[in-house]
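Okay, structure first, notes after.
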Amino acid sequence: MFRRRQKSEDAVEQLAEDAISADETADDVEGSADSESEPLTDVDEVDEEAVEETEEDPADRVGLPPAPRPDGPWDFSELESPTEGRVDLGGLLIPGVEGMELRVEVAGDAIVAATLVLGNSAIQLQAFAAPKSEGIWSEVRDEIADGIRSQGGLVEVEEGNLGWHLRAQVPVQLPDGAQGVQLVRFVGCDGPRWFLRGVISGQAAVQPESAEVLEQVFRQTVVVRGEVPMAPRDPIVLKLPEDAQMVADGGVGAAEGEAPRFGDATLSPFARGPEITEVR
């Protein structure tokens, strides 16, 4: 059964406004081993610098081709039966999970994101067009982090089961008008001419053991990019399932204006938007 409800007011006004690009410069390493004649006065210092050079920096992936995806998310062309066991939303094929609720986020006349709710946890999924030759997740991470910090939030870059991601405390306005924070994780994956972003919230954002099912949903999601020319970061538009049965609860509220690009403020991952709910 599917139902659609009124979109509530956004809890976060903006995640990545006026993104600031910052170049980090590495300190020069002294005491090069090219000349054996130079004495090494501090072995510990040299060893620490060598370790720092070997550590992987997530920023190193800027401008590089998309990384391999042996465990997904998938492109439509990579699976023999991509629609099997998945809810068809046009641009996204989302795996069905027992007891899930599936909500869709509307911007103008377009459906641009879907949120799967499972118990006390949720993951919002949104796909964007991307360049063919390079991934954009590293760059997008920096923009999201800058936007959250500009609002007074806290952000940490971590490496987990889904690769590099952001763990954030985002300032929000609570129902009683007081200010609070929402704990979320931003995950992402670069694919062939597309980028998939996930926002994990609720219990799964705090307890890793609660995130396993939602992380698997992210991995098993299929992106249908299509062949229509699109500018990088334009959202891949979704659609309702053909057999969806909609029951109006107070009408459908749609935001004015065009469908947003990635960093625009018109779409909040924390707001409950017009939604369809499937009980499995």
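Of all the numbered requirements in (1) polar (S, T, N, Q); (2) farther than 22 Å from Pro68 by Cα; (3) within 17 Å of the chain's Cα centre (by Cα); (4) modelled with pLDDT of 50 or more, Ser210 misses one, and that requirement is (3).
Looking at the range 255-271, can you tell me whether even one residue there is modelled with pLDDT under 95, among the basic types (Lys, Arg) and open to solvent by less than 60 Å² (accessible area, probe 1.4 Å)? No: the range 255-271 contains no residue that is modelled with pLDDT under 95, among the basic types (Lys, Arg) and open to solvent by less than 60 Å² (accessible area, probe 1.4 Å).
Within this structure, Glu158 fails the test of being more than 26 Å from Val213 (Cβ to Cβ), surrounded by fewer than 22 Cβ atoms within 10 Å (Cβ to Cβ) and of a type in the set (D, E, K, R). Of the residues making up the range 180-200, those that are in contact with a Gly (Cβ under 8 Å, 6 or more places away or on another chain) and touching a residue at least 40 places away in the same chain (Cβ under 8 Å) are Phe186, Gly188, Cys189, Asp190, Phe195, Leu196, Arg197, Gly198.
Checked against (1) surrounded by fewer than 14 Cβ atoms within 10 Å (Cβ to Cβ); (2) within 21 Å of Ser210 (Cα to Cα), Glu84 passes all but a single condition, namely (2).
The numbered conditions (1) under 22 Å from Gln207 (Cβ atoms); (2) out of contact with any Pro (no Cβ under 7 Å at 6 or more places or on another chain); (3) surrounded by 19 or more Cβ atoms within 10 Å (Cβ to Cβ); (4) not charged (D, E, K, R) are all true for Gly153 except (2). For first residues located in the range 71-97 and within 20 Å of Gly163 (Cα to Cα), partners that are surrounded by fewer than 20 Cβ atoms within 10 Å (Cβ to Cβ) and at pLDDT below 90 and lie 6+ apart or on another chain with Cβ distances below 9 Å form the pairs Asp75/Arg69. If you go through the range 167-214 and keep only what is assigned to a helix (DSSP H, G or I) and open to solvent by 10 Å² or more (accessible area, probe 1.4 Å), you end up with Gln203, Val206, Pro208, Glu209, Ser210, Glu212, Val213.
Pairs are defined by a Cβ separation below 6 Å, a sequence spacing of at least 6 or placement on different chains, a first member in the range 159-179 that is polar (S, T, N, Q), and a second member that is open to solvent by less than 50 Å² (accessible area, probe 1.4 Å); the pairs so defined are Asn161/Glu215; Gln169/Gly153. In the range 94-107, which residue that is over 16 Å from the mean Cα position of the chain (by Cα) and open to solvent by less than 10 Å² (accessible area, probe 1.4 Å) is farthest from Ile236 (Cα to Cα)? Taking the candidates together, the pick is Met100. Output the residues belonging to the range 51-81 that are at pLDDT 85 or above and open to solvent by less than 60 Å² (accessible area, probe 1.4 Å). Gly72, Pro73, Trp74, Asp75, Leu79, listed by residue number.
The values are calculated or read from the model by the stated rules, or taken from the named source; none is laboratory data. Here the structure is a predicted model, which means the values were calculated and not measured. Here the Cβ is made from the backbone with ideal geometry for all residues, glycine too, and neighbour counts use every protein chain on show. Surface accessibility is based on the protein's heavy atoms, side chains included, excluding ligands, DNA and RNA. Shrake-Rupley method; radii C 1.70, N 1.55, O 1.52, S 1.80 Å.
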